[in-house]
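To start, the structure itself, in structure tokens.
The values are calculated or read from the model by the stated rules, or taken from the named source; none is laboratory data. Only a predicted model underlies this, so the values are computations on that prediction, with no experimental measurement involved. Here the Cβ is made from the backbone with ideal geometry for all residues, glycine too, and neighbour counts use every protein chain on show. Accessible surface areas use protein heavy atoms only, side chains included; no ligands, DNA or RNA. Shrake-Rupley method; radii C 1.70, N 1.55, O 1.52, S 1.80 Å.
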Amino acid sequence: MPTADDIGNLPIDITFSRLGEWLVDRKIIPGDWRKRLAAVRARISKEFASLPKDINPYFHTLDPAGIGYLEAKQIYDILVKSVPESRNIFGRLSGSAGAWESIVRAFEKDYIYLGEAVQIMVQNVNYEIPYQKKQVQKIQQQLTELEHKEADIKRTAALSAAKYVEACQELGLKGNNVRSELLETAKSLPSTFSMILEVINGDSVSRALEYYSNFVRDAHTEKDKSLAMLTNLKDLREHPPSLDVSVDLEVVDSGNVQSSDSNNVTADADANADSIDWDFSVDSSQIDWDIGTVEEAEDAGNDLGPYEMVNASEILQSSPNEAAQSDLVPEVSVSEISWDISVETPQVDTIDDVNLSNVVENQTSVLDNSTQTTEIKEGRSQLLETEYRNKILDDLNEIKAFLNQRLVELKNEETLSLQHQVQSVAPFVLQQYAYDAIETMLSDVSLAISLLTNRKTRDLIMILNSKRFLDRLVSSLEEKKHHEVKLKDGLKGLATKRMELHNSLSSSWPKQEAALAKTRELKKLCESTLSSMFDGRPVHIIGEINALLNSGVAA
């Protein structure tokens, strides 16, 4: 059977969520403790304004809204130690120390500070600490994402830089001034063309050409043997093209001729328009509309004027007489009217000698430029022309396809015996080429095709022929370079954002730790106070508060 000592040692467990109700129900704190607490805090706000803050630096860290029982007690202790003790007639402290002593006593009366402690703990456990934890986790997650993003940007920037370097190396550029370097690199085409001609004129390609020609002649009838084969390739071997790869005028100075001509013509037209005098001198006083003569003549015939009303019979009777009299009226001829309109345009038919000379000079310069362009095009290598290269490639691919087929036939064991029989009756010129010899021919022909069709050769040819292609290639290379620069600029923004997140984390973390420390201290205060009320029996506040405080310690 348990003794009184055993019962006295049994702990009292109080659920955190019901702690406030438990204190009110047990009459430990009054029911209107919130009203009394509001009155105490009003006194705190009033006395804090007159608090001598220079006594201790701790006073500068306080906020009137955040001062509770523990802070008020600490302020009181500091004032008692720092300010000389002065008491009134009732034996109480006077001045600031006395004011804060009364505030502490107001907290301790009816254990109002326990209600305040429960209120603060509920606020911290349910709202403040979870919010601060979420803020810290959010900032940490943003920092992690920022690190991943920074690593991706660095990797992309390095990849972009590598692509730029690779593209420049592929074209033989240093990457300092892309446009000028491209034009200079394009001038190295003569060496490539020379290598192509060397391979095509080599013994191996010559034997392949002869082998294919003999094979075609042997395979065709007598009437088809005169068929021309590989004419373009033979013409290139007999008449090697020029190696001049001068830059097209369109690439070097596109639009200069057109712009200068348009400017000159416009200026000449403006000058001529300004020099023309459109002086239409029309003086109405010099025009003689001789109309009054007829009216006066008609008025002279009768007193009724020109609108006299007469009978038809009278007209018939008087017609012979009037016909006789009509000879007396003077005739008014249209030719006698003076249409004197003076239009003077003396400068329309003449052109200023200066303007004429400018027009002649412009036409001469255009003709000179066109002549120069024609001479450059005639002197340039035919290998720069797409049609010419395609014809050569057609012949080379024709030989390559023939040699590939011959190698396949020689490697096929099923038709090998048949090949030997056909080879035995074939002409000697077709029997002298074994598998290794054909493979060598194929290698050289493929080399010539590769030299003509590789990307660098095609790009260099297009650089010399097309300003648009040059602009597009320069834009593509510079875009890769600018992409790297843009990514590196983005890293600066990420560094700024990282600093901001670190600052936010450094400000959120202390707030969380301060809330946890305050909650632990208040929990300990409540447990010790309640334990003293129950004869020293241990009191434990249980519930979610312990899980939150333990997670804070683990973090």
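Only one of Ala162, Ala167, Ala157 is loosely packed, with under 14 Cβ neighbours inside 10 Å, of a type outside the set (D, E, K, R) and within 21 Å of Leu487 (Cα to Cα). Can you tell me which? First the steps, then the outcome.
Numbers: Ala167 fails: loosely packed, with under 14 Cβ neighbours inside 10 Å; Ala157 fails: loosely packed, with under 14 Cβ neighbours inside 10 Å.
When all the criteria are applied, what remains is Ala162.
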Of (1) among the small types (Gly, Ala, Ser); (2) part of a helix (DSSP H, G or I); (3) closer than 30 Å to Ala448 by Cα, Gly175 satisfies every one except (2)
Restricting segment 29-49 to residues that are farther than 16 Å from Gly66 by Cβ and of a type in the set (Gly, Ala, Ser), the one farthest from the chain's Cα centre (by Cα) turns out to be Gly31
Review point. Within 12 Å of Gly115 (Cα to Cα), open to solvent by less than 30 Å² (accessible area, probe 1.4 Å) and of a type outside the set (Phe, Trp, Tyr), is that true of Leu19?
Key: yes
Looking at segment 495-511, is at least one residue surrounded by fewer than 13 Cβ atoms within 10 Å (Cβ to Cβ), among the aliphatic types (A, V, I, L, M) and out of contact with any Pro (no Cβ under 9 Å at 6 or more places or on another chain)? yes
Is it the case that segment 47-63 has a residue that's part of a helix (DSSP H, G or I), in contact with a Phe, Trp or Tyr (Cβ under 6 Å, 6 or more places away or on another chain), at pLDDT 90 or above and farther than 20 Å from Pro510 by Cα? no
In segment 170-184, anything open to solvent by less than 30 Å² (accessible area, probe 1.4 Å) and at positive phi is listed as Gly175
